[in-house]
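What follows is a set of notes on a single structure, which appears directly below.
Any read-out appearing in this document is the output of simple, stated calculations on the displayed coordinates, not a laboratory observation. Bear in mind that the values here come from a model prediction, so they are computed numbers and not experimental data. Because the Cβ atoms are built from the backbone with ideal geometry, glycine has one as well, and the counts that use them run over all protein chains shown.
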Amino acid sequence: MKHLLLGDEAIAQGAIDAGLSGVYAYPGTPSTEITEYIQMQNAKGKTGAPVFCRWAANEKTAMEAALGMAYMGKRALVCMKHVGMNVCADAFMNAAITGVNGGLVVVAADDPSMHSSQNEQDSRFYGKFAMIPTIEPSNQQEAYDMTQAAFDLSEKMHTPVLLRVTTRMAHSRAVVETKDAPQAQNTMSLPENVQHFILLPAFAKRNYAELVAAQPEFVRLSETSGHNRYVRGTRPERAIVTCGIAYNYLMEVLHHKDANEWREASVLKITQYPLPETMISRMVEDGAKEIMVIEEGQPVVEELMRGMVPSDVKVTGRLTGELPRMGELSPDCVRKALGLKELSTPEADKIVVGRPPALCQGCGHRDMYAALNEVAREYPQPRIFGDIGCYTLGALSPFHAIHACVEMGASVTMAKGAADAGQHPAIAVIGDSTFTHSGMTGLLDCVNSNANVVVLISDNLTTGMTGGQDSAGTGRLEQICYGVGVEKEHVRVVVPLPKNMEEIKQVLREEIDYNGTSVVIARRECIQTLKRHLKQAKK
Amino acid sequence: MKKNIILAGVGGQGILSIATVIGEAALAEGLYLKQAEVHGMSQRGGDVQSNLRLSSDPIMSDLIEKGDADLIISLEPMEALRYVSYLAPDGWIVTSSVPFVNIPNYPEIEDVLSHVKAFQNHVLLDVETLAKEAGAPQQAANMVLLGAAIPMLGIDHDKMIAGVQRVFARKGEAVVATNVAAVEVGYKYAKEKMQGGK
């Protein structure tokens with residue numbers, strides 16, 4: 001069957017067709033659509049047997065639950081954006097030591113150029129760090145095919161497999177040829193050797209030795225799987241190595257007449273790691289004197305290649321300046337790297353000004369910030385620690401409301417650290433979903449030392465920035481705060497609407513002036529999900 | 001046949017619905033297609049674009065090279081200008097003339113429109129008024145714009161209309177009819193402008 005699918009959807013369909021039993025994920029651009037697609041297909045009854053597909057509280061809980069499902073012999077998928085890999089790193093690294101029973105595929109969607117992210121870390125480092133096979137498809141069809149192959153590889157080698165994509169792969173659509181029906185899910189089965197999953201030092205040492213011993217086989221599989229391809233050029237003294245979607249940009253540029261000369265270079269297309277060592281040796285034996293590495297993300301392969309080829313072979317790419325050191329690739333920068341002239345084009349129009357994203361009109365975060373800003377101005381040195389979500393846009397005009405934003409949950413604990421240092425008022429602004437993702441544990445730290453902070457939970461009843469997914473604590477935020485130990489009279493709830501401005505300001509003042517840990521919940525539904533719900537209600 | 005199209009606008013304006021209809025018609029024609037979209041933070045009222053590529057041969061890159069775009073279709077005039085450095089020398093700009101002002105430093109609209117008009121190959125139209133004239137709701141303004149781009153798409157008018165009908169079919173006959181009317185009024189406007197000389 002043929003379907004027009006986003007890269008993310010192709011991964012999802014590949015997983016479904018590979019007999020997936022559960023997907024575990026926390027929303028994050030550009031990975032969100034994988035889980036959403038599986039949820040949609042599951043709701044339509046198109047996954048064969050039902051697939052577990054409820055959102056997890058964070059990436060760590062997702063990874064652990066997936067490992068549990070793989071322990072029971074079933075196939076599990078974990079999806080996240082690149083920075084989610086940091087959140088689940090403990091579980092991820094140790095899953096490489098336990099190995100798996102059923103197939104376990106971990107999808108990390110990287111965001112070079114930081115379209116919707118705070119850094120552009122390259123998840124291939126995690127694959128190498130954990131010493132497990134990593135797959136990096138170059139197009140939507142490969143994303144579909146390789147997801148299935150990744151599950152087979154995972155089960156065959158008893159290892160988790162990392163599947164890395166970047167924004168353009170995740171969010172670009174093309175036609176994908178799929179199977180007619182999903183393969184049957186695995187039946188439940190216990191691991192053959194339970195000691196594999198008990199990481200006491202004595203067992204862990206044995207497991208780790210096995211993982212180390214498996215490395216040559218992982219390399220051999222990279223060379224024989226058919227996913228990596230070496231084509232000797234007619235002038236093989238020049239060679240190009242491409243990783244993932246970089247291959248497409250190279251081929252696009254080579255289409256043009258002025259690239260004739262480069263069409264004679266050798267090309268090594270990489271979509272599976274660890275690097276295929278014998279293919280690289282062959283490229284050198286064929287006479288490669290200069291090897292250009294074109295890869296999306298950080299110069300992972302470029303660095304590795306330098307240690308793999310003789311010293312008289314020049315390795316070029318992002319580190320040597322032919323390609324930009326940071327940011328995502330484009331056919332334009334590949335064209336430049338090959339030394340070709342830019343295509344002729346009108347000059348950029350200077351009349352155009354930037355149009356940054358902004359909070360929606362009518363959004364509750366706006367009213368929350370309006371009140372908070374007014375109250376904060378009453379103090380000589382307010383500090384407001386922000387967090388990750390739509391409300392991070394409070395940093396921009398017209399609010400300029402926050403003084404920090406680092407990673408999920410940091411608002412609460414940074415405010416605590418600032419309060420510990422003597423800052424007053426120290427205020428955290430965090431969304432409901434981010435609070436349950438990573439803010440709750442920080443709140444416990446605050447309670448334990450009765451830190452003088454106000455944690456303002458801007459509760460829009462959803463995970464808004466990624467498009468309105470279920471939020472893990474909806475309807476239970478007060479109970480969570482009580483349970484963590486915040487005193488009942490210092491858990492306050494307000495409705496962020498212009499008409500309630502005076503009341504909200506008064507509540508904020510009272511809680512700022514209280515010397516201890518307090519929580520103010522500003523609760524009003526996200527305007528986008530509200531519109532959607534009203535539309536559904538009409539039908 | 002090969003068409004590289006940049007769809008532009010402001011988050012929430014509905015550029016992806018235009019892409020959906022073109023994609024539907026292109027696939028029915030047996031063409032290859034790649035479409036890179038913007039999801040995430042920019043969708044909150046920021047500038048958004050989509051690279052849509054159609055070809056009778058397999059397509060490699062998901063992104064269009066600078067200087068290789070045949071057509072910019074934009075729901076907002078300044079957003080059309082944002083991508084002119086992608087336009088091929090003989091490329092077309094088809095854009096709504098209605099500014100979307102959600103920033104304090106939006107340039108003078110007359111200047112923006114005169115910059116669009118400086119391109120020999122342009123169609124500039126008030127999609128909102130034309131939608132009204134066609135008896136279509138404001139949400140169908142993007143279909144007026146799509147209609148105006150049909151002459152440059154390399155896909156027949158009738159096949160595009162069939163694409164519109166299939167995409168909106170599940171919403172009922174009335175919705176199909178207003179969207180087709182919106183496409184037709186845009187198409188007619190562009191045709192007249194092209195025949196009337198520049």
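How big is the Kirkwood radius of the stretch B:86-126, worked out from every pair of different alpha carbons and given in Å to one decimal?
It is 11.3 Å.
How big, on average over all directions, is the shadow cast by the Cα convex hull of chain B, in nm²?
Its average projected convex-hull area is 10.9 nm².
When Lys and Arg each count +1 and Asp and Glu each count -1, what net charge do the other residues less than 15 Å away from B:V185, Cβ to Cβ, add up to?
-1
Specify the angular offset, from 0 to 90 degrees and rounded to the nearest 10, of the alpha carbon long axis of helix A:410-420 from the longest principal axis of the alpha carbons in chain A.
50 degrees
Mind checking A:456-467 for the average number of partner chain beta-carbons within 10 Å of each residue's beta-carbon?
Average per residue, whole number: 1.
Just checking chain A: which Cys have no other cysteine's beta-carbon under 4.7 Å?
Lacking a cysteine Cβ partner under 4.7 Å: A:C53, A:C79, A:C88, A:C243, A:C333, A:C390, A:C405, A:C446, A:C481, A:C526.
Bin all alpha-carbon pair distances of the stretch B:70-180 at 5 Å intervals from 0 and give each bin's fraction as a whole percent.
2, 12, 20, 20, 18, 14, 8, 4, 1
Over the Cα atoms of the stretch A:370-519, how large are the radius of gyration and the largest Cα-Cα distance (Dmax), in Å?
13.9, 39
Starting from the Cα gyration tensor of the stretch A:208-295, take the square roots of the eigenvalues, sort them a ≥ b ≥ c, and report rounded, prolate or oblate (rounded when a/c is under 1.5, otherwise prolate if a/b is larger than b/c, else oblate).
Note, shape of the stretch A:208-295 comes out prolate.
What 222 nm value per residue comes from the helices of the protein assembly as shown, counting each DSSP H run with n ≥ 4 as -39,500 (n - 2.57) and dividing by all residues, nearest 500 deg cm²/dmol?
It lands at -11500 deg cm²/dmol.
With a cut-off of 8 Å between alpha carbons and a minimum separation of six or more residues, what is the relative contact order of chain B in percent?
21 percent
I need the phi-derived Karplus couplings for the stretch A:3-17: 6.51 cos²θ - 1.76 cosθ + 1.60, θ = phi - 60°, integer Hz, Gly and Pro marked x.
Per residue, the Karplus-derived 3J(HN,Hα) values read 9, 8, 10, 5, x, 4, 5, 5, 4, 4, 5, x, 5, 4, 5 Hz.
Using every Cα-Cα pair within the stretch A:466-539, state what percent have a distance larger than 13 Å.
73 percent
Give me the dipole magnitude in Debye, nearest 20, for the protein assembly as shown about the Cα centre, with unit charges on the beta carbon: positive for Lys and Arg, negative for Asp and Glu.
Roughly 880 debye for the protein assembly as shown.
In whole Å, how far is the Cα centre of the stretch B:1-61 from that of the stretch A:69-107?
Measuring centre to centre over Cα atoms gives 34 Å.
Find the percent of Cα-Cα distances in the stretch A:427-500 that exceed 19 Å, and round it to a whole number.
34 percent
Distance from the Cα centre of the stretch A:155-177 to that of the stretch A:405-423, in angstrom?
36 Å
Straight-line reach only, C-alpha to C-alpha below 23 angstrom: list the lysines that A:K74 could link to, leaving out same-chain residues fewer than 8 apart.
Filter leaves A:K44, A:K46, A:K60, A:K156, A:K179.
With an 8 Å cut-off on Cα pairs and a minimum separation of 6 or more residues, tell me the relative contact order of the stretch A:227-281 in percent.
The value is 54 percent.
Let's test this: bin the Cα-Cα distances of the protein assembly as shown at 10 Å from zero up to the farthest pair and state each bin's percent.
Bins of 10 Å from zero give 3, 13, 21, 24, 21, 13, 4, 0, 0 percent of pairs.
Which ³J(HN,Hα) values, rounded to whole Hz and listed in residue order, are derived for the stretch A:196-212 from phi using the Karplus coefficients 6.51, -1.76 and 1.60 in 6.51 cos²θ - 1.76 cosθ + 1.60 with θ = phi - 60°, glycine and proline given as x?
4, 9, 10, 8, 5, x, 4, 7, 4, 4, 5, 4, 5, 4, 5, 5, 4
Taking just the alpha-carbon atoms of the stretch A:1-142, what radius of gyration and Dmax come out, in angstrom?
Cα radius of gyration and Dmax of the stretch A:1-142 are 14.2, 39 Å respectively.
Considering the alpha-carbon set of the stretch A:14-69 alone, what are its Rg and its Dmax in angstrom?
For the stretch A:14-69, the Cα-based Rg and Dmax read 10.8, 28 Å.
Debye calculation, C-alpha points only, no solvent: report log10 I(q)/I(0) for the stretch B:137-198 at q = 0.19, 0.28 Å⁻¹, in the same order as the q values.
Here log10 of I(q) over I(0) equals -0.65, -1.18.
Can you work out the Karplus-derived ³J(HN,Hα) for every residue in the stretch A:176-187? Use 6.51 cos²θ - 1.76 cosθ + 1.60 with θ = phi - 60°, whole Hz, and x for glycine or proline.
The phi angles translate into 10, 8, 10, 5, 6, 8, x, 6, 5, 5, 4, 7 Hz.
In whole angstrom, how far apart do the alpha carbon centroids of the stretch B:88-166 and the stretch A:328-367 sit?
21 Å
Please state the Cα pair-distance histogram of the stretch B:1-82 with 10 angstrom bins from zero: what percent is in each bin?
It works out to 19, 52, 26, 3, in whole percents.
Between A:I198, A:V51, A:T413, whose Cα lies farthest towards the positive end of the dipole of chain A when Lys and Arg beta carbons carry +1 and Asp and Glu beta carbons carry -1, centred on the Cα centre?
Positive-end residue among those listed: A:V51.
Roughly what % antiparallel, to the nearest 5, for the DSSP beta bridges in the protein assembly as shown?
Approximately 30 percent, going by the DSSP bridge assignments.
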